[in-house]
1. No solvent, one uniform scatterer per C-alpha: report log10 I(q)/I(0) for the chain via the Debye equation at q = 0.07, 0.08, 0.12 1/Å, two decimals.
2. In sequence order, what are the phi-derived ³J(HN,Hα) couplings for the stretch 143-148 according to the Karplus relation 6.51 cos²θ - 1.76 cosθ + 1.60 with θ = phi - 60°, rounded to whole Hz, with x for glycine and proline?
3. How would you rank 91, 235, going from fewest to most other Cβ atoms within 10 Å of each one's own Cβ?
4. In sequence order, what are the phi-derived ³J(HN,Hα) couplings for the stretch 29-40 according to the Karplus relation 6.51 cos²θ - 1.76 cosθ + 1.60 with θ = phi - 60°, rounded to whole Hz, with x for glycine and proline?
5. Starting from the Cα of residue 127, draw a straight line to each of the lysines and keep only those under 24 Å, dropping any in the same chain fewer than 8 residues away.
6. Distance between the C-alpha centers of the stretch 154-221 and the stretch 1-46? Whole Å please.
7. Ratio of Rg to Rh for the stretch 2-103, alpha carbon only, Kirkwood?
8. Restricting the count to DSSP beta bridges whose residues both fall in the stretch 110-258, what percent are antiparallel, rounded to a multiple of 5?
Amino acid sequence: MIKIKLLQDLLREVQSLQFNNFDEDKITNKAKLYIKKCFGAKSDYIEQLNRINFTPSIYYSGMPDSDYYESFENGKKCLDNLISTMIEDLELSIDETDHSEKQEVAKPQRTNLSQKIFVVHGHDENKRVEIEAFLRSIDYEPIVLFKEPNKGKTIIEKIEDHVNDVCYAIVLYAPCDLGRDKDKGVEQPRARQNVVFEHGYMCAKLGRDHVCALYAEGVELPGDMSGVIYTEYDEVGMWKYSIAKEMNAVGLPVDMNKIR
């Protein structure tokens, strides 16, 4: 409980950070110290922390203050997400220990549970491959439709077959298409139409809490989809911890230390 209290205090400190009025080295060193105390010196959380930047990675003459502010806000958000994930990690560990002591029985194995996760995607192959690698790193099997044999079936028939054998779905909203309201002149980046359709289908079959939409910055999200889980894709990789946290919350165990 002391460790959780320390991290909660650190989280509040991060949330109160102000642009041009904070010591980057001080907050980073404190976070690194807490990680070592709570998870050990070799924890992958340290690597994730080292990848967080509060300043632009590239500088140029005449760079506007807005670029510096955007980098600060992104770094603050990533650090907030990292600390929140660590708190959740500790809370889950305490819950598992308490449950084990009360029940005095062996922990149930996952061998009888599905380890397959459906990946809905458009044309962004790089992000799709990254999602697949993430799922394999946490011992889940990604199901990507075009990689599965057709067996003479239509696409919707293939979806129906495979969705019955998955425990979760990740829907990738990437800016593969452009579209606009007929009364507006500006086109917006949008996901492929199949992505929106399959997103709704997965929510209906698996339940909204077992479907996570991973969206790239700037992509238009569908309307009338309130209550679904949206996670923003970031280059730092904090989206992986956000999805893992959601999976843990619905009873799909994820070892945070395995995330790559």
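1. Taken in order of the listed q values, log10 I(q)/I(0) reads -0.30, -0.39, -0.85.
2. 10, 10, 4, 5, 7, 8
3. 235, 91
4. My calculation for the stretch 29-40 gives 5, 5, 4, 5, 4, 5, 4, 5, 5, 8, 10, x Hz in order.
5. Within reach: 76, 77, 116, 147, 158, 240, 245, 258.
6. So the two Cα centres are separated by 36 Å.
7. 1.08
8. Antiparallel bridges: around 15 percent, rounded to the nearest 5.
Read-outs throughout are calculated quantities, based only on the coordinates presented, and are distinct from any laboratory measurement. Not measured: the values here are computed from a predicted model. Positions of Cβ are generated from backbone atoms using ideal geometry, with glycine treated the same way; all protein chains shown enter the neighbour counts.
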